[in-house]
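Heads up: the structure comes next, in structure tokens.
Taken together, the values in this text are just the output of simple stated rules run on the coordinates, not laboratory data. Just so it is clear, the structure is predicted and the values come from calculations on it, not from any experiment. Cβ coordinates were reconstructed from backbone atoms using ideal geometry, including for glycine residues, and neighbour counts include every protein chain displayed.
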Amino acid sequence: MARAYGVAPAPLASEAALALGGLRADTANLVVACRRIVERHPDVGQLWWLCARLLVADDPSLLAWELADRLGDDAVADVLTRELPVDATVVSIGNPTVVADALVRRDDVRVCCVDGRFGAADLVRRLDRNDIECEPVAAEAVGRAIAAADAVLIEASAASARRVLAPIGSQVVAAVAQSVGTPVWLVAATGTRLPAPYVDEIARRSLGDHCALDDVPLELIDVVVSDLGKSPRSPGALRADCPFAPELLRPGVT
């Protein structure tokens, strides 16, 4: 599991939950396993959320199964499905899995797919298979597409009340949206609302010249969609959904 790459965040975290639950490790070995997982996948917020919850649990094995179920059937997709305006035109970036889960349930939306690390092609194929009106957006047409949209949807990789990390390209589309007055909705999937020290550590380990994440300024976000519902961006809307386990921030084994 620590060496698995190329898997979407929620399925990866769900598989990790099942693996850790089946391990039935004592506390010391669970700490080692959790450190190894977040060291191998430092940019996956759901893994930090999972490991933090397991490290403070009375019965980690039992909790692991419950968390795997939450990740496998993310309630945030249901919230977004309900909250999207009727006949909405939205702009997405990359291949956001929870956003896609919501969009395929709405046959009245139109989706403009902005590329991010070549991920938009996968989203376009999925939407097309589900008969959702969609089109890829060339770089030179991004501004026009955002200006004509009802909302820009950005899926968080990790978020706290003071910082948001999202897939590469998110900062650009959010800045363009602000300049033309299109609201930016941050979709905080289950497991992405984290204690601020975790988000700072994810940024420290993951941001760089060849990273796949953007550091999105909070002022560019208008709305947060999470399992708490849809609300204006505020510290409460981005409050952590897991405890802070300092063990995850200490050096582990490689």
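At-a-glance table
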| quantity | calculated |
| --- | --- |
| Between the range 102-170 and the range 75-95, the alpha-carbon center distance in angstrom | 10 Å |
| Helix-only mean residue ellipticity at 222 nm for the chain, each DSSP H run of n ≥ 4 adding -39500 (n - 2.57), per residue, nearest 500 | -13000 deg cm²/dmol |
| The chain: relative contact order as a whole-number percent, Cα under 8 Å and 6+ apart | 22 percent |
| Highest to lowest packing among 8-18, 232-242, scored as the average C-beta count within 10 Å | 8-18, 232-242 |
| Residues of the range 161-185 with amide N under 17 Å of a point placed 7 Å along Cα→Cβ from Leu218 | 161-166, 184-185 |
| Antiparallel bridges, percent of DSSP beta bridges restricted to the chain (to nearest 5) | 35 percent |
| Label-point gap, in nm, between Glu15 and Asp131 - each point 7 angstrom along Cα→Cβ | 3.3 nm |
| Reported label for calculated Rg and Dmax of the Cα atoms in Å given (1) 22.8, 79; (2) 37.9, 123; (3) 17.8, 56 | (3) |
| Packing-based order for 22-35, 49-62, using average beta carbon neighbours within 10 Å, highest first | 49-62, 22-35 |
| Principal axis box of the range 9-73, alpha-carbon based, largest edge first, Å | 26, 24, 16 |
| Cα-based Kirkwood hydrodynamic radius, the range 116-219, one decimal, Å | 14.7 Å |
| Charge-dipole axis of the chain as Lys and Arg at +1 and Asp and Glu at -1 on Cβ define it, positive-most pick from Ala161, Ala68, Ala28 | Ala28 |
| Beta bridges per DSSP with both ends in the range 104-254, % antiparallel, nearest 5 | 45 percent |
| Length gained when the stretch Ala57-Arg250 is fully extended (0.36 nm per residue, less Cα-Cα span) | 67.6 nm |
| Dipole axis of the range 120-254 (+1 Lys, Arg; -1 Asp, Glu on Cβ), positive-most option in Ile202, Ser231, Cys134 | Ile202 |
| Zone of Glu83's modelled label, taken as backbone nitrogen in the range 200-237 under 16 Å from a point 7 Å along Cα→Cβ | 220-237 |
| The chain - charge dipole about Cα centre, Lys and Arg +1 at Cβ, Asp and Glu -1, debye rounded to 20 | 640 debye |
